[in-house]
1. Which links in Lys167/Lys212; Lys180/Lys212; Lys180/Lys247; Lys167/Lys247; Lys180/Lys239; Lys167/Lys220 stretch past 32 Å when you go from one Cα to the other?
2. Rank-order 141-147, 157-163, 27-33 by packing density, defined as the average count of other C-beta atoms within 10 Å over each peptide's residues, highest first.
3. Show which aspartates and glutamates lie in cross-link reach of Lys106 when reach means a straight Cα distance below 18 angstrom and same-chain residues fewer than eight apart are skipped.
4. Between beta-carbons, use under 12 Å as the cut-off and find the net charge around Trp124, counting Lys and Arg +1, Asp and Glu -1.
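Just so it is clear, none of the values below were taken in a lab; they were calculated from the coordinates. The shown structure was predicted, so the numbers you read here are calculated from the model rather than taken from an experiment. All Cβ positions, glycine included, derive from the backbone under ideal geometry; neighbour counts span all protein chains shown.
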Amino acid sequence: MLHPFTRNYTDHCTDAGFQFEFHCDCCGNGFKSSFIRSTTYGKRKSGETLSRGLGSIGGMFGGKLSGITNTLENGANLFRDKLDTYGPEWREEQERAFDVAQEEIKPYFTKCPSCNKWVCADCWNEEEGLCIECAPREASYVAKARNQAMRRNIDELAETATVWTGKLETRTTLCPHCGKPSGSGKFCNSCGKPLNQNICKNCGAPLAPGLKFCGECGAKVETNPVCPNCGFENAPGTKFCGECGTKL
């Protein structure tokens, strides 16, 4: 029965030979031992070769020699069967190879006196004399803790951050010509007429740009006064500029 020094190992043995891989109890990294050829495998292959050779001789001579050949072949089969029963011998070889493999790989591991785990050099804290699970390296632990705190702070700020300052309201502008929703452009989405056309305040008739008098009622068209100081366009009837306060 195999008795490993570490609880984690992989058996890569075949009938041709023996090889093992031992793993770190912390990170799982593995170290593979050298391949050891099985001697029982060599004996088994020799028996198979002898059997095939005797079969060829029987096929060549046949006739009177067939009885002798059959006798020799049966003897070879018995010899091969005997070799096939060497399961215990192969097992003993495996156990010896396992001990050799452990002696080869064991120097790559250190046993933690706290948790009794066998760990590789990457998982061993030399300063503390413990594995990094029992005694994490200070620099690595501080960096990890700082990073975790930073992420918590970011998450907390993200929960209270204002990322949008707009108003949750919608407006539907109706076209004065067709009465349907006009959209947000300069022309109506439904009828295509301009949306910024002036309307006569006296009779409500549409006014073409640049007219000074209404073509329907003859009323004077009130234009938006433009400030001579800043150029701001004020509403009709405004006496002082709403942008800079200049008298209009």
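1. Lys167/Lys212; Lys180/Lys247; Lys167/Lys247; Lys180/Lys239; Lys167/Lys220
2. Put in order of decreasing packing, that is 27-33, 141-147, 157-163.
3. Asp11, Glu21, Asp25, Glu95, Asp122, Glu126
4. Neighbourhood net charge equals -3.
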